[in-house]
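Data block below; observations after.
No value in this document is a laboratory result; all are computed from the given coordinates. Keep in mind that what you see is a predicted model, and the values were worked out from it rather than measured. Here Cβ is always computed from backbone atoms with ideal geometry, including for glycine, and neighbour counts include all displayed protein chains.
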Amino acid sequence: MNRRTFLTISAAAGLATAAKPFTNFFSTNKRTIQTMSKFELAPLPYSYDALEPFIDKMTMEIHHSKHHNAYVTNLNNAVAGTEHEGKSLEELFKNISKLPVAVRNNGGGHYNHTLFWNLMKKDGGGAPTGDLGASINSTFGNFEEFKKLFSTSGMTRFGSGWAWLIKTEGGLKIASTPNQDNPLMDVADVKGTPLLGLDVWEHAYYLKYQNRRNEYIENWWNVVNWDAVAERFKNS
Ligand code: MN3
């Protein structure tokens, strides 16, 4: 089998299996036959000003069209012509400690931001219901306690990183990761499926909130898309 055929087959296999957490969730982010070795920046599922006044339009526009776009470009460059080309992010994350740091940083950046956009919506917020709500209550005591712990996780992440609600084999857990790492990576302290993620890099809030990360986090709860989180909980 020549190299091109091999790449095509492994890319197709990657789409069919390891991309599962994205199935139904990122329907606009499917890679096509023509571009399956390339990662692509999907449009936001809402307008740049949809999350106002909690997250401002300019922050959203720069965050998506500049920051996220750069992760996608740099990720494609990092895997181009290597054995990693055509593999899904989930596949790469399983052995990320052995891969080039550019794949870790930009692959994490692409995955985390794609997730982040889809976990927010206009007129979001409130509290989760159903199985997810019950599981959060039984794990953390009640929703307010969960919010407090999750917010603290984001507040105490030194420098840049993410706060996560993670479905692990031992139940729901809250943790944070540095840089663009995430719980699917073999380097994560707490491994599992990320259900909810919060970007606490300064670029996510500095234009509107400057150094007040606590205000950004407090306001962010108003745009959480709990239906999307519940769907991930159900499917993971
Ligand atoms: Mn970001």
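Brief remarks follow.
Residues checked against (1) in contact with a strand residue (DSSP E or B) (Cβ under 8 Å, 6 or more places away or on another chain); (2) among the aliphatic types (A, V, I, L, M):
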position	(1), (2)
Ala188	yes, yes
Leu196	yes, yes
Leu207	no, yes
Arg212	no, no
Trp220	yes, no
Trp226	no, no
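- Subset of region 115-161 [touching a helix residue (DSSP H, G or I) at 6+ places or on another chain (Cβ under 6 Å), under 18 Å from Pro183 (Cα atoms) and within 16 Å of the ligand (Cβ to nearest atom)]: Asn118, Leu119, Gly154
- Boolean, Gly107 is under 13 Å from the mean Cα position of the chain (by Cα), more than 13 Å from the ligand (Cβ to nearest atom) and part of a helix (DSSP H, G or I): yes
- Close Cβ contacts (under 7 Å, 6 or more residues apart or on different chains) running from residues in region 59-82 that are part of a helix (DSSP H, G or I) to residues that are away from the ligand (no atom under 13 Å from the Cβ) and among the charged types (D, E, K, R) comprise Thr59/Lys208; Val72/Glu40; Asn76/Lys38; Val79/Glu85.
- Qualifying position, being aliphatic (A, V, I, L, M), in a strand (DSSP E or B) and within 21 Å of Asn106 (Cβ to Cβ), among Ala175, Ala163: Ala163
- Every pair of residues 6+ apart whose Cβ atoms lie under 7 Å, when the first sits in region 104-118 and is in contact (Cβ under 8 Å) with a residue 12 or more places away in the chain while the second is aromatic (Phe, Trp, Tyr) and within 11 Å of the ligand (Cβ to nearest atom): Asn106/Tyr71; Gly109/Tyr71; His110/Tyr71; Asn112/Trp162; His113/Tyr71
- All positions within region 193-222 that are more than 15 Å from the ligand (Cβ to nearest atom), touching a Lys or Arg at 6+ places or on another chain (Cβ under 8 Å) and over 16 Å from Phe146 (Cβ atoms): Thr193
- Within region 170-192, being surrounded by 18 or more Cβ atoms within 10 Å (Cβ to Cβ) and within 16 Å of the ligand (Cβ to nearest atom) holds for Ser176, Thr177, Gln180, Asp181, Asn182.
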